[in-house]
Amino acid sequence: MNLTLGFPELALTRQDLSLESALNHFRTLMERPDPAVRSIRHQPARPGEYLPIPDSVHPSLKAALERRGIRQLYSHQAEAFAQVQSGRNVVVVTPTASGKTLCYNLPVMDRLLRDPGARAMYLYPTKALAEDQLHEFQSAVDEMGAEIRAFTYDGDTPQDARKAIRQRANVVLTNPDMLHSGILPHHTKWAKLFENLRYLVIDELHYYRGVYGSHFANLLRRLRRICEFYGSQPRFICSSATIANPRELAEALTESPFELVDRNGAPSGEKYFIFYNPPVVNRPLGIRRSYINETRRIALEFIERGQQTLVFANNRLATEVLVTYLKDACDRGPLPRETVRGYRGGYLPRERREIERKLRDGEIRAVVATNALELGIDIGSLDAVVMAGYPGTIASTWQRAGRSGRRQSASAAVLVASSAPLDQYIVEHPDYFFERPPEHAHINPGNLEILLGHLKCAAFELPIRDGEKFGPHDATDPCRYLEEAGFLHHSAGAWHWTSESYPADATSLRSVSSDNFVVVDITHEPAVIAETGFTSALTTLHEKAIYLHEARQYHVERFDYQERKAYVRRVECDYYTDAIDYTQVKVLEEFDGAPLAAARRAHGEVRVNRQIVGFKKIKFYTLENVGAGKLSMPEQEMHTTAFWLHFPAAFLARFADLTPTEKQNGIAGLGNALRTVASLLLMCDPRDLGVALSEEIAGGLAAFEPNLYLYDNYPGGIGQSAPLYRMTEKLLAGAAQLLSGCGCEGGCPSCVGPIGEVGERGKEAARRMSELLASGLS
């Protein structure tokens with residue numbers, strides 16, 4: 001009997017239920033004309049490099065390690081211990097599942113055994129990861145029978161337990177959000193911790209990049225300021241997945257010197273990395289099979305063979321659609337529906353802990369997750385990872401692929417490319433991915449909007465003394481500005497917080513607003529089933545939306561913007577909803593500009609106004625548009641930085657054979673191509689860049705002289721517009737090459753966008769414009 005599951009190319013018999021048989025069929029697909037499998041790379045197994053446990057390790061700790069079967073260390077673990085013992089700050093950079101946890105647990109436990117009054121703080125980017133690592137830490141402590149007390153401290157910690165943790169904990173495991181809003185503002189209650197803080201552990205260092213990393217650097221400035229007040233100088237121990245500049249990032253975040261440990265001594269099992277590009281079903285239009293449907297089919301092939309599988313999707317909607325598809329497939333097959341689960345940030349903590357436990361225990365055969373499971377949560381031995389779409393960066397792709405084969409067994413990772421231009425470039429140029437180093441992680445802690453928010457928090461925590469620096473910045477001028485705004489008052493040689501507000505609440509580390517929306521199910525008795533961030537709430541919880549949660553559909557009955565609640569009712573329907581937004585950009589200040597082939601290039605500060613104006617109803621499986629609706633949601637405003645091209649009437653006049661609509665379509669298509677090339681040049685996630693086209697009024701007449709903007713998709717900007725301005729030549733040449741090299745006739749998702757969106761001559765217009773602009777720089 002064949003197990004085709006609607007995927008005849010990968011049909012196997014029931015007797016061939018192994019990873020190797022699946023790989024053989026992928027190899028067979030590669031031999032076909034115009035194959036869907038674009039590359040299979042094999043990484044052989046490698047042996048470990050070991051060193052003895054140092055004699056300086058406390059005897060109780062050494063004995064506990066030996067009882068757990070650890071009689072020697074990986075070479076990087078031994079090196080990290082030696083560096084920490086020498087009093088240096090250390091950043092450890094090795095692949096997923098290489099024993100990084102012991103790199104910081106070993107020196108911390110050793111110190112606590114010798115000095116019971118010492119304290120340590122562990123910072124994890126998520127609550128789930130902190131909870132997971134507490135179990136690891138506590139099991140080692142129990143093995144020793146030591147009086148070391150470790151606790152997580154986050155938003156889920158019961159109120160009655162918090163006082164005891166503040167007084168008794170030797171090790172506090174928390175996250176940046178809790179440190180920002182729940183610990184530093186109340187530092188007087190944590191005096192014992194800050195007076196005796198010896199180590200600050202930062203796990204998943206690579207996570208702190210871009211806007212979040214810029215906030216985190218300012219948060220660490222506030223933490224060091226508090227430590228200095230209490231007389232402590234903790235050492236930093238950081239761990240990171242592979243990025244291009246780990247030491248540089250650690251030093252930028254902490255403003256302290258670091259030693260780098262990056263020679264991996266852990267053994268690894270063999271891994272197969274497969275690049276899969278869904279087949280073209282309409283060549284003139286450049287339309288491929290749905291990457292979501294292809295991901296479902298490939299994941300089912302692994303699941304049916306008994307392979308425990310993790311599926312990554314790039315957003316909440318794709319995650320929930322894939323969960324729905326896989327559960328439906330289980331209903332039609334031998335596996336129970338409960339063997340497939342979803343996992344993302346909006347799930348309640350209890351739900352996430354249950355999924356993690358069942359995945360470790362093997363009760364769940366597959367999980368569909370957002371990047372929430374990209375981090376190092378221990379989810380046991382996985383056989384396969386399937387990625388629905390390119391994650392946006394090389395580093396993130398390797399991080400996801402590393403979640404399979406964690407127990408040194410053979411494993412597979414499959415990247416299923418979407419039709420997005422960046423996905424198509426990566427899947428069609430596998431050497432670019434496999435031979436290029438991971439991206440650099442950049443932060444901009446001097447971003448004025450971010451800096452001012454944390455300066456307010458710092459003043460709330462402790463008065464800012466005259467002449468005091470906040471990082472490298474003299475705080476005097478910003479404090480004067482905050483005084484004029486009514487937040488500070490200068491007295492007795494210091495700036496004091498005088499506002500009645502709580503500044504940490506107004507400063508979100510991750511987004512425009514710190515407010516979360518609560519999802520309330522009113523089908524029976526009202527019950528909270530999920531929460532979601534401010535930005536995603538506007539697109540997923542508007543009235544008439546279908547909200548998806550663990551393959552269940554809920555109709556949004558009421559969206560209470562003021563109270564930050566959405567009231568939903570359980571329904572059975574065959575469609576989901578997708579929001580439609582409208583974006584307008586206005587230039588506030590031009591930093592630099594220059595002529596460009598009768599057009600103009602510039603970069604500067606802009607205001608972006610975005611509004612959700614409607615939604616589409618999309619049918620499951622067929623992806624048909626089966627309806628639409630209008631919405632009137634509150635408009636969101638953001639100041640950021642942008643690179644833009646200005647197209648004056650003289651430039652557009654060179655394309656006399658094109659109608660005004662075709663010219664506009666060409667510029668819009670060019671914007672899609674430029675964003676793809678820009679994300680490659682900047683080595684950033686395409687979602688970090690917004691694209692907008694706006695009409696400008698010229699000479700007092702309503703002449704069509706548009707600006708095409710590539711803007712930083714974060715308040716205040718993250719410093720991407722200036723590099724794009726400097727790299728205009730490469731940017732335009734890359735766009736021209738992308739457009740001329742795409743085999744479609746009139747436009748497709750892999751270049752300018754589908755022909756239905758850019759019109760009959762949209763691709764032609766975009767290509768000609770890009771070539772003219774590129775010639776103006778040559």
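Count Lys and Arg as plus one, Asp and Glu as minus one, and take only other residues whose Cβ is under 9 Å from that of Tyr725; the net charge is then +1. Considering only Thr28, Leu772, Gly446, the residue lying farthest towards the positive end of the dipole of the chain is Thr28, judged by Cα position with unit charges set on Cβ. Coupling constants for region 383-389 follow from the phi torsions by the Karplus curve (6.51 cos²θ - 1.76 cosθ + 1.60, θ = phi - 60°), and in residue order they are 8, 8, 10, 10, 9, 8, x Hz; glycine and proline get x. One chain, two ends: Gln233 and Arg263. Fully extended at 0.36 nm per residue, the span grows by 8.0 nm beyond their Cα-Cα distance.
What whole-number value in Å² describes the accessible area per residue of region 93-170 for a 1.4 Å probe?
Numbers: 2900 Å² over 78 residues.
With the other protein chains kept in place, region 93-170 gives 37 Å² per residue.
Of the residues Ile287, Met109, Gln399, the one whose Cα sits farthest towards the positive end of the charge dipole of the chain is Met109 (charges of +1 on Lys and Arg Cβ, -1 on Asp and Glu Cβ, taken about the Cα centre). Segment Glu147..Ala649, full-extension length gain: 173.1 nm, with 0.36 nm per residue of separation and the alpha-carbon distance subtracted. For the chain, the Cβ-based charge dipole about the Cα centre amounts to some 1180 debye (Lys, Arg positive; Asp, Glu negative; other atoms uncharged). Placing unit charges on the Cβ atoms only, positive for Lys and Arg and negative for Asp and Glu, gives region 217-323 a dipole magnitude near 320 debye about its Cα centre.
Could you work out what % of the accessible surface of the chain is carbon and sulfur, using a 1.4 angstrom probe and leaving DNA, RNA and ligands out of the count?
Carbon and sulfur: 48 percent of the exposed surface of the chain.
Taking every protein chain into account, the accessible area of region 308-463 amounts to 30 square angstrom per residue (probe 1.4 Å).
Taking 20 Å as the straight-line reach from the Cα of Lys630, the aspartates and glutamates in range (excluding those fewer than 8 positions away in the same chain) are Glu543, Glu557, Asp560, Asp578, Asp581, Glu757.
Couplings 3J(HN,Hα) for region 535-551, derived from phi with the Karplus relation 6.51 cos²θ - 1.76 cosθ + 1.60 (θ = phi - 60°), are 5, 6, 4, 5, 9, 10, 10, 5, 4, 6, 6, 9, 8, 9, 8, 6, 6 Hz, where x marks Gly and Pro. At an R0 of 45 angstrom, the distance between the Cβ atoms of Lys586 and Glu31 translates into a FRET efficiency of 0.25. In this rough spin-label picture, where each label sits 7 Å from Cα along the Cβ direction, the Glu543-Arg114 distance is 6.6 nm.
All other residues whose Cβ lies under 13 angstrom from that of Asn609 are scored, Lys and Arg at +1 and Asp and Glu at -1, for a net of 0.
When peptides 560-570, 634-644 are sorted by average Cβ neighbour count within 10 Å, with the highest value leading, the order is 634-644, 560-570. Packing around the peptides 649-655, 538-544, 549-555, taken as the average count of other Cβ atoms within 10 Å per residue, puts them in this order, highest first: 538-544, 549-555, 649-655. Spacing of the modelled spin labels on Glu745 and His524, each 7 Å from Cα toward Cβ, amounts to 5.6 nm.
Exceeding 28 Å between C-alpha atoms, which entries from my cross-link table qualify? They are Lys327/Lys544; Lys616/Lys763; Lys189/Lys565. Cα-Cα > 28 Å for Lys189/Lys565; rest within.
Solvent-accessible surface of region 496-620, taken per residue with a 1.4 Å probe and all protein chains present: 48 Å². Can you give the FRET efficiency to the nearest 0.05 for Lys565 and Glu66, using r as the Cβ-Cβ distance and R₀ = 51 Å? Once rounded, the FRET efficiency stands at 0.40. Note on Ser256 and Glu757: their simple-model spin labels are 4.6 nm apart, each label 7 Å out from Cα toward Cβ.
Order the peptides 656-666, 450-460, 127-137 from the highest to the lowest mean number of other Cβ atoms within 10 Å of their residues. Show your work: numbers first, answer last.
Working: 656-666: 16.4, 450-460: 23.2, 127-137: 19.4.
With the highest mean Cβ count within 10 Å placed first, the list reads 450-460, 127-137, 656-666.
Compared with the rule-of-thumb size 2.2 N^0.38 Å for a compact globular protein, the chain has a Cα radius of gyration ratio of 0.98. Amide H to amide H distances under 5 Å link Ile202 with Leu123, Ile237, Cys238, Ser239, where only residues 5 or more positions off or on other chains count and H is placed in the peptide plane. Residues in region 562-577 carry Karplus couplings, in order, of 5, 8, 6, 9, 10, 9, 10, 10, 5, 9, 10, 8, 9, 9, 10, 10 Hz; the curve used is 6.51 cos²θ - 1.76 cosθ + 1.60 with θ = phi - 60°, and Gly or Pro positions show x. By the Cβ distance rule of under 4.7 Å, the chain has these cysteines without a partner: Cys103, Cys227, Cys238, Cys330, Cys457, Cys479, Cys573, Cys684. The relative contact order of region 709-771 comes to 26 percent, based on Cα pairs under 8 Å that sit 6 or more residues apart.
The values are calculated or read from the model by the stated rules, or taken from the named source; none is laboratory data. Bear in mind that the values here come from a model prediction, so they are computed numbers and not experimental data. Here the Cβ is made from the backbone with ideal geometry for all residues, glycine too, and neighbour counts use every protein chain on show. Protein only, heavy atoms only, side chains kept; ligands, DNA and RNA dropped before computing areas. Shrake-Rupley method; radii C 1.70, N 1.55, O 1.52, S 1.80 Å.
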